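Every number here is computed from the coordinates shown, using simple stated rules; none is lab data. These figures come from a predicted structure and were not determined experimentally. All Cβ positions, even for glycine, are placed from backbone atoms using ideal geometry, and neighbour counts span all protein chains on display.
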Amino acid sequence: MPDVRRYSVMEQAIAMGGILSDEPDFSTFENKTGLAEDMKFLASMPELCDVTFLVGDTREPVCAVKAVLAARSRVFHKLLYNSYSPQKKKEPMSREKKIKLLFKRSSEPLMNLQGQQQGRQGRSGYTHKLDTIPEPQGNVHQTLIVEEFEPDVFRQLIEYIHTGCVTLQPRTLLGLMNAADYYGLDELRKGCSGFVQCCINVDTVCALLASAERYIQYKCTKSMVQKVLEFVDEHGNEVLNLGSFTLLPQHVVRLIMAREELRADEFTKFQAGLMWSKKHCDNQPNTDLKEVIGNFLEYIQFYKIPANILMKEIHPLGLVPYHIIMNALAYQADPSSVDPAKLSPNRTRNRGDRSMSVQSSLDPLGSNPSLSSLASSEMESGRHSSDGAAGGGGGHCSPLGNLREI
């Protein structure tokens, strides 16, 4: 009986030991916020960094740590340690160098003997001086030029690489999204792409379109421009009345007005064109207002504007040719009395390719990419969107071909 009781106690001890062994005997402490702040401070101190990027047209300096960049981005690793590492090419040895090398080798036994004698003198009371160890060449500070991105965008990219966090804002969103794709930071690119849907509104749409003009050659721009233009179509009257609408490039304004999907009344389109033209003339005093607004008239269907507004609001300005107003009034009185081609010549001639008509009027050779040429290929953006990842296609430039070292 005592043996049975002793055995049961042992069993209980073993069972308790098993329960205790299942419980962890350690605790994990994390301070990611503190680490992020320290890494942000590191990137802000030039004396602690070993690479400086001169960014944009102004060559604004942005400092970073090469090891951190290489660890976070394979593209940066290749740029900093492979393609752009300074390597001295070996030159063929001349005859004189060969003779000097021969004399040096022949004198080495004598120098060694002298060194032994100096060592003995040092032990007998004389002091000898140790040679300094040269610093490795790998620690040389590099300076590189980055022309593809704006300084604010590139600074945000470097901040994300060092700290793992960044504040997304509409003004730099598109540039940061393309920079993330450019340097192979997929998580940041996905975060920017998800934020696009949240930040497209009446207050930000013009800023997004303006930034799209700079990054038009990158593949991420295509999908975002499509979403922004769809928003503009849905909120046409609100967008055209924005003060920031006057800050858009002329061909972008014409692209918006030329869209058949745009839900805006024609008088609002005329007012938007007039507002943009006045702003343009204020910036360039020698420009004729009538000539500037003439670039937008072909995209306005004046026959849809009520007759009283045509005669009281538009005609007295003297900016719209008289025959356009008369044709609009005649059509309202009797639609069969006016040739439709005289009402909207641009829409009649180029109904199937209105976007390219905007681009061709600005750049007949079509050599410069813009939102106009991009909008004409929106249907093909999905098919080519993955080509750029390999570095060879679809509007995605290779970083290896554009980063320069000085």
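The table that follows gives values for the structure above.
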read-out	value
Tally of residues being touching a Leu at 6+ places or on another chain (Cβ under 7 Å) and in contact (Cβ under 8 Å) with a residue 60 or more places away in the chain across region 162-182	1
Test: residue in region 203-212 that is part of a helix (DSSP H, G or I), of a type in the set (Ser, Thr, Tyr) and in contact (Cβ under 8 Å) with a residue 60 or more places away in the chain	no
Search result, residues across region 25-61 that are without any contact (Cβ under 8 Å) to a residue 12 or more places away in the chain and β-branched (Val, Ile, Thr)	THR28, THR33
Tally, over region 194-226, of residues that are of a type in the set (Ser, Thr, Tyr) and either over 18 Å from GLN156 (Cβ atoms) or surrounded by fewer than 17 Cβ atoms within 10 Å (Cβ to Cβ) (or both)	1
Qualifying helices (runs of 4 or more DSSP H) (wholly inside region 225-337; at least 3 residues being within 35 Å of the chain's Cα centre (by Cα) and basic (Lys, Arg))	266-283
